[in-house]
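In what follows, a structure is listed as structure tokens, so that the remarks can point back to it.
Bear in mind these aren't lab numbers, they're just calculated from the coordinates by the rules spelled out. Keep in mind that this is a model prediction, so the values were computed, not measured. All Cβ positions, even for glycine, are placed from backbone atoms using ideal geometry, and neighbour counts span all protein chains on display.
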Protein chains: 2
Amino acid sequence: MNVLIVYAHPEPRSFNGAMKDLAVDVLTGAGHKVQVSDLYAMKFQPAGGPDDFTDRAFPDQFGYQAEQAAGHFAPELKAEMDKLAWCDLLILQFPLWWFSLPGILKGWIDRVFAFGFAYDRSRSYESGMFRGKRAMLAFTTGAPASMYAAGGRHGSIDELLLHVNRGMLYFLGMEVLPPFIAYGTPRLSAEDKAAYLAAYSERLLNLESTEPIYPAGSETTTF
Amino acid sequence: MNVLIVYAHPEPRSFNGAMKDLAVDVLTGAGHKVQVSDLYAMKFQPAGGPDDFTDRAFPDQFGYQAEQAAGHFAPELKAEMDKLAWCDLLILQFPLWWFSLPGILKGWIDRVFAFGFAYDRSRSYESGMFRGKRAMLAFTTGAPASMYAAGGRHGSIDELLLHVNRGMLYFLGMEVLPPFIAYGTPRLSAEDKAAYLAAYSERLLNLESTEPIYPAGSETTTF
């Protein structure tokens with residue numbers, strides 16, 4: 001299996017960094033091929049716009065989808081698209097900031113999930129262009145799990161993640177696996193951290209038998 | 001009333017640009033003071049991290065909240081914080097990209113809604129630090145309104161926006177007004193565009209009587 005890990009944390013010694021390193025080791029050890037896009041290390045530019053393109057098909061007024069359809073992508077985007085096309089499994093590894101992706105990772109989505117490359121007018125969701133691939137979020141939170149339970153202070157994490165799991169990943173037709181979440185990482189003991197890493201290793205070794213939350217080809221109108 | 005419009009579109013002649021220009025004119029004409037943060041024009045840097053700070057309180061390992069609490073913010077962030085502290089109403093003006101904020105605007109949230117400045121451990125939601133302020137999303141979509149209805153292809157827009165309206169804006173204690181949404185802007189006729197701008201002008205002139213979706217001080221556990 002070819003795995004692309006898109007990793008977005010500014011501190012290599014963070015728990016996110018540890019999860020990314022573990023995933024590389026475990027997946028490589030299991031015989032898979034792994035590539036990592038380390039967005040902070042790459043100084044990935046997150047603002048989608050005219051800089052995405054080497055040449056403008058419509059130079060008078062910038063229209064994002066129209067330029068994406070023309071396909072004159074800058075080399076740094078083309079490189080990310082090649083990795084995404086190559087992978088069988090996409091893992092997004094990040095700290096949950098404001099109940100969503102950090103800006104740098106949202107910018108990666110905006111720029112790499114391009115019209116004509118990742119979806120078009122007739123191909124999305126159950127007929128998505130990336131059917132056959134799988135995707136999974138792996139992230140940390142500042143708050144403990146109890147605050148993300150139904151009735152908890154922040155509400156259900158699944159509802160909060162709808163825009164990512166369904167709106168970004170399943171939109172492309174990818175089968176979406178349940179997120180792996182390490183809650184409350186700022187206040188974890190060394191034992192808690194070790195337990196999370198062991199559980200993540202276990203998850204990574206059992207992806208085949210993990211039930212997706214958005215199976216490939218599922219209808220979206222039931223949500 | 002002091003109004004801050006945070007505007008995130010790379011093309012000044014876009015419909016988002018027209019909405020922003022209209023809001024400046026209408027609000028100024030009604031006697032309000034308006035400031036605009038034009039993120040693309042400012043080349044706002046969206047990747048939150050060590051560059052947020054002029055000096056590091058914990059130089060060995062970067063921890064975002066710990067550094068934010070220490071408060072050595074870079075001048076460009078301090079300037080945005082001053083505008084946010086100054087305003088009575090915050091308007092976020094943007095194209096809906098992947099059912100969320102464009103990366104550049106998410107980065108503005110990540111960096112400006114800082115721990116210690118905008119919230120802390122005991123002050124959020126109904127006891128948020130920005131009680132007394134109001135906030136409103138103003139955005140465009142590519143898809144028509146029918147696709148965002150309950151049972152529509154993308155599902156309910158309110159559910160998709162939970163992470164922004166509740167998770168970012170109401171989290172700070174701000175009273176959140178219903179979003180103003182211009183649907184399907186790529187395929188609008190000149191008449192449709194004029195009608196949306198007239199409706200937006202009407203909304204801007206009637207903010208006082210607009211019922212909030214998250215009233216100040218409301219409990220979050222009912223969601």
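Things worth noting here:
- Exercise: per-residue mean of other protein chain Cβ atoms within 10 Å, A:86-97: 1
- Inter-copy label distances at B:Ala41 (7 Å, Cα→Cβ; nm, one decimal): 3.9
- Phi-based couplings in Hz for the stretch B:67-74 (Karplus 6.51, -1.76, 1.60; Gly and Pro marked x): 5, 4, 4, 5, x, 8, 6, 4
- Cα gyration tensor, the stretch B:2-205 - rounded (a/c under 1.5), prolate or oblate: prolate
- The charge dipole of the protein assembly as shown, taken about its Cα centre with unit charges on the Cβ of Lys, Arg, Asp and Glu (plus for the first two, minus for the last two), comes to roughly 20 debye.
- 10 Å Cβ neighbours from other chains, averaged over peptide B:152-163: 5
- Label-point spacing for A:Thr28 across the identical copies (point 7 Å from Cα in the Cβ direction), in nm and ascending order: 5.7.
- Degrees between helix B:75-86 axis and first principal axis of chain B (Cα, 0 to 90, nearest 10): 60 degrees
- Chain B - percent relative contact order, Cα under 8 Å, separation 6 or more: 22 percent
- Three-way shape label, the stretch B:1-60, alpha-carbon gyration tensor, a/c 1.5: oblate
- Percentage relative contact order, the stretch A:23-123, counting C-alpha pairs under 8 Å, at least six apart: 33 percent
- Cα long-axis angle, helix A:190-205 against chain A (0 to 90 degrees, to the nearest 10): 50 degrees
- Rounded to the nearest 10 degrees, the inclination of helix A:15-29 to the longest alpha-carbon principal axis of chain A is 80 degrees.
- Pairs of Cα atoms nearer than 8 Å and 6+ residues apart set the relative contact order; for the stretch A:101-223 it is 33 percent.
- Set of aspartates and glutamates near A:Lys43 by C-alpha distance (under 18 Å), chain-local residues within fewer than 8 positions excluded: A:Glu11, A:Asp51, A:Asp52, A:Glu76, A:Glu80, A:Asp110, B:Asp51, B:Asp52, B:Asp110
- Integer Hz, Karplus 6.51/-1.76/1.60 couplings in order for the stretch B:113-121, x for Gly and Pro: 7, 8, 4, x, 9, 10, 6, 8, 4
- Projecting the Cα positions of A:Gly142, A:Ala190, A:Ala66 onto the charge dipole of the stretch A:2-205 (unit charges on Cβ atoms of Lys, Arg, Asp and Glu, taken about the Cα centre) puts A:Ala190 furthest along the positive direction.
- Distances from B:Arg153 to itself in the other copies, using label points 7 Å out along the Cα-Cβ axis, amount to 4.0 nm in increasing order.
- B:Phe73 long-range amide H proximity, modeled H, under 5 Å: B:Thr54
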